[in-house]
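The structure under discussion appears below in the form of structure tokens.
Every read-out reported here was derived from the displayed coordinates using simple, explicitly stated rules and does not represent laboratory data. Small disclaimer: the values here were computed from a predicted structure and weren't measured. With ideal geometry, Cβ positions are generated from the backbone for all residues, glycine too; neighbour counts draw on all protein chains shown.
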Amino acid sequence: MAPVHPLWGLCVFVASIMIILSTLDSVTAATYTSRVPRTTRVPRTAPVVYTPSPWTLAHATFYGDESAASTMGGACGYGNIVTNGYGTDTAALSSTIFTDGYACGQCYQIKCVQSPWCSKGVATITATNLCPPNWSKDSNAGGWCNPPRTHFDMAKPAFMKIAQWKAGIVPVQYRRVPCSRAGGIRFSFQGNGYWLLTYVMNVGGAGDIGQMWVKGTKTAWISMSHNWGASYQAFATLKGQALSFKITSYTTKQTIVCNNVAPANWNLGLTYQASVNFH
Ligand SMILES: *[C@@H]1O[C@H](CO)[C@@H](O)[C@H](O)[C@H]1NC(C)=O
């Protein structure tokens, strides 16, 4: 029998411990990887669905004509509301509910009540504009949009779905409803090389935006500030980087991440669409 070195036993002992440890390690790793999809799949991506608010009394008037041409370029910054997907069923909100533009993109159902001019229809409108106060008129005689009144100055085609236009002004009941939008959120870029001004359109669910961030491939998340209407800005040089956006809903506080919305060769004046949306 060959002589056994006294340290040999110790070597075998250490080696066995190491084998046991590495086995334990791979067991832990296996358990970990099998757990990851479960935790990410179930609670975090479960869609938050915006539910309608109760019906509330207000009043409605209309502006513009049947073409809704005068509803273009409203205070939300949507520009051409028809080509941008909002159609002609839109309204200007009194400042009480316009809330400095945070109401931009919200959807409302409006029906006429308590007036011989009412028809049975319900209009579903998107908030695209502000109805400013006119303090030279009494709040109950023409100054319909003066605070604290809740008022909808509807595009004429939308108004004609709920009442005869001859009525001028009608009492209505309204409620917030989820906005159903086809496809993902859209981002329209303006600004310059050091300033990205983004108009956010086609937002589903509650339809509104409370906070927003942008991220280039070489940056961390950059908080964007509210400019006007539905536009948000970042003072940053982002040229040549693919851009992602993160949006928190004003109403639901739900946050959505829109990854790689714009490719690295993005340009000002163009609109980019995310693959995700609120519901
Ligand atoms: C406010 O009302 C006055 C009186 O009717 C009118 O002359 C004026 O044009 C109105 N202003 C706006 C901004 O609509």
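Here are the numbers for this structure:
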item: Ratio Rg/Rh, restricted to the range 83-131 and using Cα atoms, in which Rh is the Kirkwood radius; result: 1.03
item: Residue order, fewest to most surrounding Cβ atoms within 10 angstrom, among 162, 256, 209; result: 256, 209, 162
item: Members of 215/253; 137/166; 137/253 lying beyond 29 Å, as alpha-carbon distances in this model show; result: 137/253
item: Computed E for residue 83/residue 275 - FRET, C-beta separation, R0 22 angstrom, nearest 0.05; result: 0.55
item: Gain on full stretching of the segment that runs from residue 136 to residue 120 - 0.36 nm per residue minus C-alpha separation; result: 2.3 nm
item: Under 16 Å from the Cα of residue 156 - aspartates and glutamates, other chains or at least 8 residues apart; result: 65, 66, 89
item: Cut-off under 5 Å, modelled amide H: who pairs with residue 151 long-range; result: 94, 97
item: Fewest-first ranking of 154, 72, 201, using other Cβ atoms within 10 Å as the exposure measure; result: 72, 201, 154
item: For the range 186-273: rounded, prolate or oblate by the Cα gyration tensor [a/c cutoff 1.5]; result: prolate
item: Options 77, 132, 56, ranked by Cα towards positive dipole end of the range 56-177, top entry (Cβ charges); result: 56
item: Estimated distance in nm for a label pair at residue 53 and residue 257, the labels positioned 7 Å out from Cα along Cα-to-Cβ; result: 3.1
item: Packing-based exposure ordering (other Cβ within 10 Å, fewest first) of 239, 120; result: 120, 239
item: Karplus-derived 3J(HN,Hα), 6.51/-1.76/1.60, for each residue of the range 84-93, Hz, glycine and proline x; result: 8, x, 8, x, 9, 8, 9, 8, 9, 9
item: The range 56-177, Cα convex hull volume normalised per residue, Å³; result: 96
item: Inter-part distance where the range 86-110 and the range 228-258 are each reduced to a Cα centre, Å; result: 20
